[in-house]
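The values are calculated or read from the model by the stated rules, or taken from the named source; none is laboratory data. Values in this document were obtained by computation on a predicted structure and should not be read as measured data. Cβ: placed from backbone, ideal geometry, glycine included. Neighbour counts: every protein chain shown.
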Amino acid sequence: MLGHVARLSKLPLNYLQNRGGIWTGRGERNYKVTVVGAEGGIGQPLSLLLKQNPLIEQLALHDVIEAKGVAADLSHICTPAEVSHFRSEELLEALQDAHVVVVAAGLPRKPGMSRDELMAANASVALTVACAVSIACPEALLAFITNPINAIVPMAAEFLKAKGVFDPNRLFGITTLDVVRSKTFIGKFMSIDPDLVDIPVIGGHAGITILPLLSQCYPKFPEAEVEELQRLRQRIQEAGTEVVEAKAGKGSATLSMAYAGAHFVNALLRGLDDEEDVLECAYVASNVAELPFLATPMLLGPNGIKQNLGLPSMNEEEKAAFEEMLPELRDSIQLGIRSAQTAMKDIQQEDNASEQIPTNKRASQSE
Ligand SMILES: NC(=O)c1ccc[n+]([C@@H]2O[C@H](COP(=O)([O-])OP(=O)(O)OC[C@H]3O[C@@H](n4cnc5c(N)ncnc54)[C@H](O)[C@@H]3O)[C@@H](O)[C@H]2O)c1
Ligand SMILES: O=C(O)C[C@H](O)C(=O)O
């Protein structure tokens with residue numbers, strides 16, 4: 001027991017100020033946040049948590065399912081954020097003037113599915129949002145929860161590039177849940193408050209691409225058997241599947257994801273608010289390693305990413321695990337880029353086809 005006290009006593013004096021409780025912003029600015037997929041398993045609790053964020057002045061809810069009831073319900077909570085709701089066809093209005101757009105729209109996994117298998121259903125959802133953002137609020141910070149994160153973010157980037165509005169500092173895949181889980185499982189392992197645990201999680205957001213760097217954990221691990229650490233890492237990597245299986249066909253993590261999403265959105269807002277030292281891990285466009293997208297720690301600021309802190313130190317075993325996951329991550333990135341290119345080709349073909357229809361027929365078709 002005293003070993004833990006000794007380790008805790010090595011924490012810096014300002015450590016408590018930096019703890020990861022959800023709301024730590026100074027609340028000096030008022031922001032608009034749009035939640036896309038607000039009616040869903042994640043969207044509803046995420047919106048509940050965001051309604052309590054003092055940095056948010058306007059909380060816009062959008063879903064293809066009418067979000068009127070959820071909006072009315074949330075609007076009775078005695079916090080300043082004004083809640084509005086938008087119907088399926090009102091996405092652009094929902095996004096108008098948004099500072100942060102968080103996307104929780106799309107299908108969740110069922111037992112036995114990989115995240116990449118969700119691409120068939122979720123690519124078009126994510127492209128729709130990326131497209132609307134490029135029109136309504138190209139300067140907003142755009143953060144995807146929608147799976148497969150490893151492919152969705154590269155796809156959105158490719159699409160935004162084609163639209164001429166891609167800013168690598170403003171596009172994020174939210175991997176905070178991997179950090180939240182790491183803190184929780186490590187806290188339990190060390191018998192300490194999980195919020196005291198600080199650990200970088202790099203790579204991506206699926207299986208072995210989720211790489212918690214246990215060697216960089218603070219507080220440092222007690223002398224643990226290598227096998228014990230490997231078991232801990234595997235549990236973090238498979239935690240999503242643990243929830244999918246426990247829910248037995250009724251979806252994937254929603255409440256813990258809402259917590260993680262609300263934490264990440266708050267970090268983005270604190271960055272916009274120019275708060276110092278806002279440090280998070282996220283999956284972003286990157287040139288810190290050989291792959292063009294990677295989750296690493298970064299500092300957030302008024303324009304999104306202020307500084308990508310790059311690859312943390314790794315021990316030999318972690319370096320090997322990092323190398324081992326690169327091919328899988330590369331495949332997902334390519335899947336994303338290909339999906340964007342195919343979608344853009346399809347859109348172009350449709351445009352060309354409609355241009356070839358004589359004007360009088362086009363008019364009668366649109367009637
Ligand atoms: N990044 C992560 O760590 C993480 C964690 C958990 C879940 N997820 C992913 O989040 C996504 C949502 O999960 P969920 O459990 O909330 O699913 P859900 O089915 O409960 O909710 C999804 C919501 O999105 C809405 N929606 C679908 N298409 C839309 C569109 N085009 N525009 C607006 N809204 C649309 C649906 O109507 C629904 O309300 C899934 O893809 C899941 O895999 C990611
Ligand atoms: O596992 C899933 O499909 C959902 C999410 O990515 C998670 O990690 O919980």
Item checked: Residue list for the range 74-102, filter: among the charged types (D, E, K, R) and in contact with a helix residue (DSSP H, G or I) (Cβ under 9 Å, 6 or more places away or on another chain) -> Glu82, Arg87, Glu93, Asp97
Checklist line | Single residue of the range 233-251 satisfying the filter (in a helix (DSSP H, G or I) and among the basic types (Lys, Arg)) that is surrounded by the most Cβ atoms within 10 Å (Cβ to Cβ) | finding: Arg233
Note to self: Let me confirm something: among Arg170, Arg181, which residue is crowded, with 24+ Cβ neighbours inside 10 Å, under 25 Å from Leu107 (Cα atoms) and either basic (Lys, Arg) or more than 17 Å from the chain's Cα centre (by Cα) (or both)?
What the structure shows: Arg181
Note to self: What's the number of the only condition in (1) touching a Leu at 6+ places or on another chain (Cβ under 6 Å); (2) more than 9 Å from ligand 1 (Cβ to nearest atom) that Ala121 fails to meet?
What the structure shows: (2)
Next item on the list: Could you grab me the full set of residues in the range 164-185 that are among the β-branched types (Val, Ile, Thr) and either within 12 Å of ligand 1 (Cβ to nearest atom) or farther than 22 Å from Leu300 by Cα (or both)?
Entry: Ile174, Thr175, Thr176, Val179, Val180, Thr184
Checklist line | Out of Val197, Val243, Val201, Val180, sole residue that is modelled with pLDDT of 95 or more and either among the basic types (Lys, Arg) or closer than 20 Å to Gly112 by Cα (or both) | finding: Val243
Note to self: Please determine whether any residue of the range 193-208 is without any contact (Cβ under 8 Å) to a residue 12 or more places away in the chain, surrounded by 17 or more Cβ atoms within 10 Å (Cβ to Cβ) and more than 30 Å from Asn30 (Cβ to Cβ).
What the structure shows: yes
Next item on the list: Would you mind finding the one in Lys110, Lys161, Lys188 that is closer than 19 Å to Val243 by Cβ, surrounded by fewer than 24 Cβ atoms within 10 Å (Cβ to Cβ) and more than 14 Å from ligand 1 (Cβ to nearest atom)?
Entry: Lys188
Checklist line | Qualifying residue in the range 202-215 (condition: within 16 Å of ligand 1 (Cβ to nearest atom) and closer than 22 Å to Gly40 by Cα) | finding: yes
Margin query: Looking at Thr254 and the list (1) under 20 Å from the mean Cα position of the chain (by Cα); (2) without any contact (Cβ under 8 Å) to a residue 60 or more places away in the chain; (3) farther than 22 Å from Met325 by Cβ; (4) surrounded by 18 or more Cβ atoms within 10 Å (Cβ to Cβ), which single condition is not satisfied?
Written below: (2)
Margin query: Against the condition within 15 Å of ligand 1 (Cβ to nearest atom), of a type in the set (A, V, I, L, M, F, W, C) and either in contact with a Leu (Cβ under 9 Å, 6 or more places away or on another chain) or over 24 Å from Thr146 (Cβ atoms) (or both), how does Ala224 come out, does it pass?
Written below: no
Margin query: So for the range 40-50 (the condition being more than 10 Å from ligand 1 (Cβ to nearest atom), under 24 Å from Asp273 (Cβ atoms), in contact with a Gly (Cβ under 9 Å, 6 or more places away or on another chain) and of a type in the set (A, V, I, L, M, F, W, C)), does at least one residue qualify?
Written below: yes
Note to self: Within the range 126-146, take every residue that is in contact (Cβ under 8 Å) with a residue 40 or more places away in the chain and within 16 Å of ligand 2 (Cβ to nearest atom) and give me the one that is surrounded by the most Cβ atoms within 10 Å (Cβ to Cβ).
What the structure shows: Ile145
Next item on the list: Could you tell me whether any residue of the range 291-309 is more than 16 Å from ligand 1 (Cβ to nearest atom), surrounded by fewer than 19 Cβ atoms within 10 Å (Cβ to Cβ), closer than 18 Å to Leu214 by Cα and in contact (Cβ under 8 Å) with a residue 12 or more places away in the chain?
Entry: yes
Check: How many of the residues making up the range 61-86 are buried (at least 22 other Cβ atoms within 10 Å of the Cβ) and of a type in the set (D, E, K, R)?
Finding: 1
Item checked: Candidates Glu318, Glu324, Glu328, filtered to the one that is modelled with pLDDT of 95 or more, closer than 25 Å to Ile174 by Cβ, over 20 Å from the mean Cα position of the chain (by Cα) and surrounded by 14 or more Cβ atoms within 10 Å (Cβ to Cβ) -> Glu318
